[in-house]
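Have a look at the structure below before the remarks.
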Amino acid sequence: MAQSIQETQEDLIEEFGLFDDWADKYEYLIDLGKKLPNLPEVFKTEENVIKGCQSRVWLHADKQGDQIVFEADSEAVIVKGLISMLIRVLSNHTAEEIMKADLYFIDQIGMSQHLAQTRSNGLLSMVKQMKNYALAFSAK
Amino acid sequence: MTLDIQKIRADFPVLDQQVNGSPLIYFDNAATTQKPKSVIDALSHYYALDNANIHRGLHALAERATTAYELTRTKIKEFINAPSSDQIILTAGTTGSINLVAQTFGRANFSKGDKILISNLEHHSNIVPWQMIAEEKGAIIEVIPVDERGVLDLEAFRNLLDASVKLVAVNHVSNAIGTINPIAEMIQLAHAHGAKVMIDGAQSIAHLDIDVQALDIDFFAFSAHKLFGPTGVGVLYGKRELLESMPPYQGGGEMIKEVSFEGTTYNELPYKFEAGTPNIADVIALSAAIDYVNALSKEALFTQELALLAYATEQLSTIPGLKIIGTAPDKIAVISFVIDGIHPQDLGVLLDKFGIAIRTGHHCVQPLMKRFGLPGTCRASFAFYNTFEEIDLFVKALRRSINMLQ
Ligand SMILES: Cc1ncc(COP(=O)(O)O)c(C=O)c1O
């Protein structure tokens, strides 16, 4: 049985709780970004680009059974780390679970600055786009 | 005159703060400059004591506000050596000034097949307004190329000039890479072919001496916020015969002489182009910014900035994989750079954690980024209140960030 969205968020909060300065946190985030597998070139299409990011970010979604599976990539490694966490939390869940997910972990791990509208790295746009995919799949 | 930088820094309240646990290092001066206390005080003084609408009232406050507002116009006239203050049009910014010229001079003078020359260095603000009017009038935009160093190709410029060129619109200084363009020579060449010249002075006004008469500039635009003044104020200088021949821009109060339902006669310069209640407080506070720069002398300030540029260029060059974009021999204190295998955005995020403000991205010059085959760069831009110690801290933080990312 897979973890719930809430359980994964709790895991992330615990992992980030181990770091006491920002540099350790960002090194971990960079590491997550480097470890996220590259998105196959065929999915790096104009259609999959998330608008509103300073670096290019691609997000691909697929429905497997009743679950949605996300894959993503970015030119910027910190953004890739952020999206890697979002994938860990949201991928392999049903459209309904994804749509109603409250992503409180972002604030709890001290990354809410990346959620602000003005941040051109577009974490907000990524979350929106993931929820949009869920909405689109649930309508099908 | 040598500058007492610590004393100068004390004039800028914003510089004295911690960001993410470190003292703020502000290296984003090409985006906007910080404001001395005298500018901030002028704003609150105006609202606390003088606030009134200008030009219309007979009462004491209206009189004081009008006098202060018009005093700024006179100071601007002197600052750029314009022949007369009624050739100083107050706008909302460089963008506003360029759009004004495009929509009035352009509307009256461009016709099908006419050419507008811009350069590969231009900010989107000096591209899009021309595209809009060109599309409407069937005019053609041609682009002066830049070489690998980011220097305009004057030979190509000469070849582009012919009788169909109605306007040359170029920046004095590039915001993205700092190149200072040889505008005196370009203006002479353009005039020899009967073309008028609009200079986007957004990036030169705070650093270079501007004499619109000596340079024989037809139109000159700048923003107060890049001159240590408030946001929301810009200037358009124009030659008298051009401004007088141009149709008005926006309609409204202030820009009219007489209104009836049968027709309206327009006010004289500069009011013809200043419809509605202007940004009174910010215009008045611009006076304080001009006084501040004059008191220290622009030349002394620029000398300090060039020393910072030379030092930073030397220090950055020691970082492996770092490439400076824009190596023109004449530059203001702006350094754009990229680092092998690292996205500029990642550096911007980490430097912010060190309390360092730089700009990353395309800097509103996408065609120039395309010319260099880059999606964007990191840009550090200095002002006279920056220090050599700040550059040392910046280089150290940059090395540490690169280590984290590699
Ligand atoms: C060269 C140049 N032109 C035009 C502008 C636009 O100025 P504003 O946004 O103040 O209208 C800028 C501002 O970044 C600039 O650097």
Checklist line | Highest-fluctuation residue, B:Gly376, B:Gly253, B:Gly238 considered, GNM on chain B with Cα pairs under 10 Å | finding: B:Gly253
Notebook entry, point to check: Nearest 20 debye, what's the magnitude of the dipole of chain B about its Cα centre given +1 on Lys and Arg Cβ and -1 on Asp and Glu Cβ?
Noted result: 620
Notebook entry, point to check: Ordered by residue, what ³J(HN,Hα) values in Hz, to whole numbers, does region B:238-247 give under the Karplus form 6.51 cos²θ - 1.76 cosθ + 1.60, where θ = phi - 60° and Gly and Pro are x?
Noted result: x, 5, 4, 5, 6, 4, 5, 7, 7, x
Check: Quick one: length gained pulling B:Asp216 to B:Glu268 fully straight, 0.36 nm per residue minus the C-alpha distance?
Finding: 16.4 nm
Notebook entry, point to check: Hey, rough spin-label estimate for A:Lys63 and B:Thr277, points 7 angstrom out along Cα→Cβ, what's it come to in nanometres?
Noted result: 5.6
Notebook entry, point to check: Around B:Ile144, which amide H atoms from residues at least 5 apart in sequence, or from another chain, sit under 5 Å from its own amide H, with H modelled in the peptide plane?
Noted result: B:Ile118, B:Ser119, B:Asn120
Check: If you place +1 on the Cβ of every Lys and Arg, -1 on the Cβ of every Asp and Glu, and leave all else neutral, what size is the dipole of region A:43-140 about its Cα centre, to the nearest 20 Debye?
Finding: 200
Checklist line | Listed residue (B:Ala357, A:Leu103, B:Phe220) projecting farthest to the positive dipole end of the protein assembly as shown, Cβ model | finding: B:Phe220
Checklist line | Added length on full extension, which subtracts the Cα-Cα distance from 0.36 nm per residue, B:Asp340 to B:Arg149 | finding: 66.9 nm
Check: How large, in percent, is the carbon and sulfur part of the accessible surface of the protein assembly as shown at a probe radius of 1.4 Å?
Finding: 52
Check: Among the trypsin sites (Lys or Arg not before Pro) within region B:1-62, which fall in a DSSP loop and have no more than 14 other Cβ atoms within 10 Å of their own Cβ?
Finding: B:Arg56
Item checked: Nearby lysines by direct alpha-carbon distance to A:Lys35 (threshold 21 angstrom, same-chain neighbours under 8 apart not counted) -> A:Lys25, A:Lys44, A:Lys80
Check: Considering amide H positions built from the backbone, and no H for Pro or chain starts, which residues 5 or more places from B:Lys331, or on another chain, come under 5 Å of its amide H?
Finding: B:Ile180
Next item on the list: For B:Val165, enumerate residues with amide H under 5 Å from its amide H, sequence gap 5+ or separate chain, H modeled in the peptide plane.
Entry: B:Lys115
Item checked: B:His363 accessible area, 1.4 Å probe, all protein chains in place, Å² to nearest 10 -> 10
Next item on the list: Hey, for a label at B:Gln315 modelled as a point 7 Å past Cα toward Cβ, could you say which residues of region B:387-405 have their backbone N under 11 Å away?
Entry: B:387-399
Notebook entry, point to check: Ignoring ligands and nucleic acids, what accessible area does A:Met99 show with a 1.4 Å probe (Å², nearest 10)?
Noted result: 70
Note to self: Checking the table B:Lys7/B:Lys37; B:Lys226/B:Lys331; B:Lys115/B:Lys196; B:Lys77/B:Lys137; B:Lys35/B:Lys331; B:Lys272/B:Lys298 against a 21 Å threshold on Cα-Cα, which pairs fail?
What the structure shows: B:Lys77/B:Lys137; B:Lys35/B:Lys331; B:Lys272/B:Lys298
Margin query: Whole-Hz ³J(HN,Hα) for each residue in region B:14-19, computed from phi via Karplus 6.51 cos²θ - 1.76 cosθ + 1.60 with θ = phi - 60°, x for glycine and proline: what do you get?
Written below: 5, 5, 8, 7, 9, 10
Note to self: Using a Förster radius of 45 Å, what is the FRET efficiency between B:Glu136 and B:Thr67 based on their Cβ-Cβ separation? Nearest 0.05, please.
What the structure shows: 0.65
Next item on the list: If a/c stays under 1.5 just call it rounded; otherwise compare a/b with b/c (prolate if a/b is bigger, oblate if not). Do that for chain A, with a ≥ b ≥ c from the square roots of the Cα gyration tensor eigenvalues.
Entry: oblate
Item checked: Accessible surface, chain B, averaged per residue in Å² (probe 1.4 Å) -> 40
Check: Put a dot 7 Å past each Cα toward the Cβ at B:Ser22 and A:Thr45; how far apart are the dots in nm?
Finding: 4.3
Note to self: Counting only other chains, and only Cβ atoms inside 10 Å, what mean value do you get across the residues of B:350-360?
What the structure shows: 2
Next item on the list: Report the chymotrypsin sites (Phe, Trp or Tyr not before Pro) located in region B:197-274 that are in a DSSP loop and have at most 12 other Cβ atoms inside 10 Å of their Cβ, or state none.
Entry: B:Phe261
Checklist line | Accessible surface, per residue, of chain A when the full set of protein chains is kept, probe 1.4 Å, Å² | finding: 51
Margin query: So if I take the centroid of the Cα atoms in region A:1-53 and the same for region B:192-262, what is the distance between those two points in Å?
Written below: 50
Margin query: With a 1.4 Å probe and all protein chains kept in place, how much accessible area does A:Lys44 have, in Å² rounded to the nearest 10?
Written below: 60
Next item on the list: Mind giving me the nanometre distance, one decimal, between the label points for A:Glu10 and B:Ser245, set 7 Å out from Cα along Cα→Cβ?
Entry: 7.8
Check: Where does chain B land at 222 nm, in deg cm²/dmol rounded to the nearest 500, when only DSSP H runs of n ≥ 4 count, each adding -39500 (n - 2.57), divided by all residues?
Finding: -11000 deg cm²/dmol
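The values are calculated or read from the model by the stated rules, or taken from the named source; none is laboratory data. Predicted, not measured: the structure shown is a model, and the values here were computed from it. Reconstructed Cβ throughout: ideal geometry from the backbone, glycine too, with neighbour counts over all protein chains shown. With ligands, DNA and RNA removed, areas are computed over all heavy atoms of the protein, side chains included. Shrake-Rupley method; radii C 1.70, N 1.55, O 1.52, S 1.80 Å.
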